[in-house]
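Chemist: Mind having a look at this structure? Questions to follow.
The values are calculated or read from the model by the stated rules, or taken from the named source; none is laboratory data. None of the values given here were measured: they were computed from a predicted structure. Cβ coordinates were reconstructed from backbone atoms using ideal geometry, including for glycine residues, and neighbour counts include every protein chain displayed. To get the accessible areas, we keep the full protein, side chains included, count just its heavy atoms, and leave off ligands, DNA and RNA. Shrake-Rupley method; radii C 1.70, N 1.55, O 1.52, S 1.80 Å.
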Amino acid sequence: REEIKDALAWLAFLANPKDEIAFRRIVNKPARGIGNTTQDKISEAALSLGGSIIEACKTYPLKKKAAQGMSTFIAAYDSLREMLNTGGAKLSAFVEAMVEKSALGEYYTVQDEISGTQRVYNLQELTNSAIFYDCSEKGLLDFLDTIELDRSLEEKSDDDAEKDRVTLITLHNTKGLEFSRVIIT
């Protein structure tokens, strides 16, 4: 679901500020005036800064509307990173704060009112699933790994009839997974 993918992209970007795919998914949702061209320029600037996209976001000069949107994005990111670094609570409280500070909760509340979907409820279920993890970088990484493993196991159980198959996956998504044969091209 879109809302879950957006929330997981935020969590992935908080865990790894070099994750360009997650960055592109979340930086302009809800709309902040940061279009594809600006995202491309920020990604190029990140390469010259050692790959940290968040550092490129903080230093790259933007026009007024995009600069305001970027400052909102950076403020949410910095606040959430600080919360993650201080820890103390459960990861579910962190996920709940992420939904609020990223404005995804507000964005999907409006979507729910318009289309009658239950996207906010799905975000609450994601929050509930994080209750077993500590609010720390390790807890966040464990949570993301578990979700990725669950997703791969679900896909595997759907295809149990097909034992002989090839799985295509990005190197980024293979962390923690084990395969009997791996071919990297």
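Chemist: Hey, if you put +1 on the Cβ of every Lys and Arg and -1 on every Asp and Glu Cβ in the chain, which of Ala76, Thr146, Ile184 ends up farthest toward the positive end of that dipole?
Modeler: So the residue we want is Ala76.
Chemist: Continuing with the same structure: For the chain, what does the accessible surface come to per residue with a 1.4 Å probe? Please give it in Å².
Modeler: Value returned for the chain: 62 Å² of accessible area per residue.
Chemist: Check each of the chymotrypsin sites (Phe, Trp or Tyr not before Pro) in segment 76-142 and keep only those in coil by DSSP with at most 16 other C-beta atoms within 10 angstrom; list them in order.
Modeler: Phe132
Chemist: Quote the accessible area belonging to Ser115 in square angstrom, nearest 10, computed with a 1.4 Å probe and with ligands, DNA and RNA left uncounted.
Modeler: Near enough 70 Å² of accessible area.
Chemist: What dipole magnitude, in Debye to the nearest 20, does the chain give about its Cα centre under +1 on Lys/Arg Cβ and -1 on Asp/Glu Cβ?
Modeler: That gives a dipole near 900 debye.
Chemist: Which of the residue pairs Lys18/Lys41; Lys5/Lys65; Lys18/Lys101; Lys101/Lys138; Lys18/Lys63 have a Cα-Cα distance greater than 18 Å in the structure shown?
Modeler: Lys5/Lys65; Lys18/Lys101; Lys101/Lys138; Lys18/Lys63
Chemist: Assign one of three labels to segment 4-135, namely rounded, prolate or oblate, based on the Cα gyration tensor with a ≥ b ≥ c the square roots of its eigenvalues; rounded applies when a/c is under 1.5, prolate when it is not and a/b is larger than b/c, and oblate otherwise.
Modeler: Oblate shape, in that a/c is at least 1.5 and b/c is the bigger or equal ratio.
Chemist: Could I ask something else about it? Quantify, in whole percent, the carbon and sulfur part of the accessible surface of segment 45-114 (1.4 Å probe; protein heavy atoms only).
Modeler: Of the solvent-accessible surface of segment 45-114, carbon and sulfur hold 54 percent.
Chemist: Can you tell me how much longer the chain between Asp112 and Glu137 gets when fully stretched, taken as 0.36 nm per residue apart minus their C-alpha distance, in nm with one decimal?
Modeler: So the extension gain works out to 5.8 nm.
Chemist: According to a simple spin-label model (label point 7 Å from Cα along Cα-to-Cβ), what is the distance in nm between Ser52 and Phe179?
Modeler: 3.2
Chemist: If you plug each phi of segment 102-109 into the Karplus form 6.51 cos²θ - 1.76 cosθ + 1.60 with θ = phi - 60°, what whole-Hz ³J(HN,Hα) values come out, in order, with x for Gly and Pro?
Modeler: My calculation for segment 102-109 gives 7, 6, 5, x, 5, 4, 7, 5 Hz in order.
Chemist: Here is a further query. For the modelled label position 7 Å from the Cα of Ala89 along Cα-to-Cβ, which residues of segment 15-48 have backbone nitrogen atoms closer than 18 Å?
Modeler: 15
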